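Here the structure comes first, spelled out in structure tokens, and everything after it is commentary.
The values are calculated or read from the model by the stated rules, or taken from the named source; none is laboratory data. The shown structure was predicted, so the numbers you read here are calculated from the model rather than taken from an experiment. Cβ placement follows ideal geometry from the backbone for every residue including glycine, while neighbour counts extend to all protein chains displayed. Protein only, heavy atoms only, side chains kept; ligands, DNA and RNA dropped before computing areas. Shrake-Rupley method; radii C 1.70, N 1.55, O 1.52, S 1.80 Å.
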Amino acid sequence: MTDINDLHYSVLKSESISSLNLKKGLTVVDATVNRAGHAVEIAKLIGKTGTLVINDLDLEALKYSKEKLEKLKNAPKIIPVHSNYRNIKTELEKVGITSVDRIFADLGLSSQELEVSGRGFSFQKDEPLYMTFQSEVNENTFTAVDLLNNLSVSNLEKIFKVYGDEPNAWKIANAIVEYRDNLEGLSSTRL
């Protein structure tokens, strides 16, 4: 069986890292650490006098990255933060960091989210439609199912058109709402 951590490949790693112009002793935030592909290189460049804040919504990825980074020779101070990167300012304040030298964010899906079942990112697998980076989904997690079950035709259309560049956005959104309304009339079963 393939280990989820073996599926990760950092795209444009050397180009991304060189653009940060890193030096020993800096405080750097990796806002989307995933499996530490970029963070390893960042850690090596800022060294043991540096501080590396690693952030991820996926708790499994965060734990894996922390362990991997702490094993490095001359590893910087590693501060793990389990949150969405949009909360990074608040999360940094919680750990006493008021300023940073660099912030790195590798935005987008990685192979783990697509290849490992359970996240709901791929239509090629039979799995719940979560579409979340969180590794632990519970009743408080806002998922794609919530959107499909609650948004109006116009809001669904906007999502499909703007974020998916879908030419049939209205048709798809309308079909979802019609299907949902028909289910509602038959039982409490939802999408």
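Table for the structure above
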| item | result |
| --- | --- |
| Condition check for THR32: touching a residue at least 60 places away in the same chain (Cβ under 8 Å) and open to solvent by 10 Å² or more (accessible area, probe 1.4 Å) | yes |
| Single condition VAL116 does not satisfy, out of (1) at pLDDT below 90; (2) more than 25 Å from LEU148 (Cα to Cα) | (2) |
| Filtered residue count, segment 64-111, keeping only those that are small (Gly, Ala, Ser) and under 18 Å from THR132 (Cβ atoms) | 5 |
| Members of segment 112-164 found to be over 29 Å from LEU62 (Cβ atoms) and of a type in the set (Asp, Glu), listed by number | GLU157 |
| Residues that are in contact with a Ser or Thr (Cβ under 9 Å, 6 or more places away or on another chain), open to solvent by less than 60 Å² (accessible area, probe 1.4 Å) and either of a type in the set (Phe, Trp, Tyr) or closer than 24 Å to GLY47 by Cβ (or both), drawn from segment 82-97 | GLU91, LEU92, ILE97 |
| Residue selected from segment 40-54 under the condition hydrophobic (A, V, I, L, M, F, W, C) and free of Cβ contacts under 8 Å to residues at least 60 places away in the same chain, by the criterion farthest from ILE88 (Cα to Cα) | LEU45 |
| The lone exception for VAL100 - which of (1) crowded, with 16+ Cβ neighbours inside 10 Å; (2) in contact (Cβ under 8 Å) with a residue 40 or more places away in the chain; (3) in a loop (DSSP other than H, G, I, E, B) it fails | (1) |
| Every residue from segment 51-61 that is part of a helix (DSSP H, G or I), open to solvent by 10 Å² or more (accessible area, probe 1.4 Å) and of a type outside the set (D, E, K, R) | LEU59 |
| Selected residue (criterion: most open to solvent (accessible area, probe 1.4 Å)) from residues of segment 64-81 that are under 11 Å from LYS44 (Cα atoms) and outside any helix (DSSP H, G or I) | LYS73 |
| Checking SER110 against (1) touching a residue at least 40 places away in the same chain (Cβ under 8 Å); (2) farther than 18 Å from THR32 by Cα; (3) out of contact with any Gly (no Cβ under 6 Å at 6 or more places or on another chain); (4) not aromatic (Phe, Trp, Tyr), the condition it does not meet | (2) |
| Selection within segment 24-41 - among the polar types (S, T, N, Q) and either more than 10 Å from ILE54 (Cα to Cα) or not in a loop (DSSP other than H, G, I, E, B) (or both) | THR27 |
| Yes/no for LYS48 being surrounded by fewer than 13 Cβ atoms within 10 Å (Cβ to Cβ) and modelled with pLDDT of 95 or more | no |
